Amino acid sequence: MIGICPECKFDWDSPIESLQSSLRSAGQRFSSVISKASDEELRARPVQEALSNLLSRLSLEDLKRQAFGSEGDRRDVLMLARRAAHETEHHYLDAANSLQNLG
């Protein structure tokens, strides 16, 4: 998982500030794509801003705390933040591509 995602260009080695920026701007980027869709086609979830706000309150020591990921491997909070930001990039691309195909 280390490196750059070939599909969305997400950089797994991004510093925390880049992750925060990506999460913070996700709503605006999604809005530019989904504003063309009907209410029935959309389900809004303001999770990205909440995650960005949480990250801004964590210390470097907090970011190093570890737990087990969904595949059973150990991950620190920073890696979980990177995964969340990376998923945001893919969901954005999915929404943009899906809505482009509708119209």
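The values are calculated or read from the model by the stated rules, or taken from the named source; none is laboratory data. These numbers were taken from a predicted model, which means no experiment stands behind them. FYI the Cβ positions are ideal-geometry reconstructions off the backbone, even for glycines, and counts take in every protein chain you see.
Of the numbered conditions (1) surrounded by 14 or more Cβ atoms within 10 Å (Cβ to Cβ); (2) modelled with pLDDT of 85 or more, residue 54 fails exactly one; give the number of that condition.
With respect to (1) surrounded by 14 or more Cβ atoms within 10 Å (Cβ to Cβ); (2) modelled with pLDDT of 85 or more, residue 54 is out only on (2).
Condition first: under 25 Å from residue 74 (Cβ atoms) and small (Gly, Ala, Ser). Now tell me which residues in segment 1-32 satisfy that.
Of everything in segment 1-32, those that are under 25 Å from residue 74 (Cβ atoms) and small (Gly, Ala, Ser) turn out to be 3, 14, 18, 22.
Give segment 51-77 a look and list any residue that's more than 16 Å from residue 23 (Cβ to Cβ), of a type outside the set (Gly, Ala, Ser) and in contact with a Leu (Cβ under 8 Å, 6 or more places away or on another chain), or say none.
Matches in segment 51-77: 64, 76.
Cβ-Cβ distance below 7 Å, separation of 6 or more or different chains: which pairs start in segment 7-28 with a residue that is within 19 Å of residue 49 (Cβ to Cβ) and in contact (Cβ under 8 Å) with a residue 40 or more places away in the chain and end on one that is assigned to a helix (DSSP H, G or I) and among the basic types (Lys, Arg)?
Going by the 7 Å Cβ cut-off, the qualifying pairs are 14/82; 19/82.
Can you tell me which residue is modelled with the highest pLDDT among those in segment 39-51 that are within 15 Å of residue 102 (Cα to Cα) and part of a helix (DSSP H, G or I)?
This residue is 39.
Among the residues of segment 17-38, is any of a type in the set (Asp, Glu) and either touching a Ser or Thr at 6+ places or on another chain (Cβ under 9 Å) or modelled with pLDDT under 80 (or both)?
Taking every residue of segment 17-38 in turn, none turns out to be of a type in the set (Asp, Glu) and either touching a Ser or Thr at 6+ places or on another chain (Cβ under 9 Å) or modelled with pLDDT under 80 (or both).
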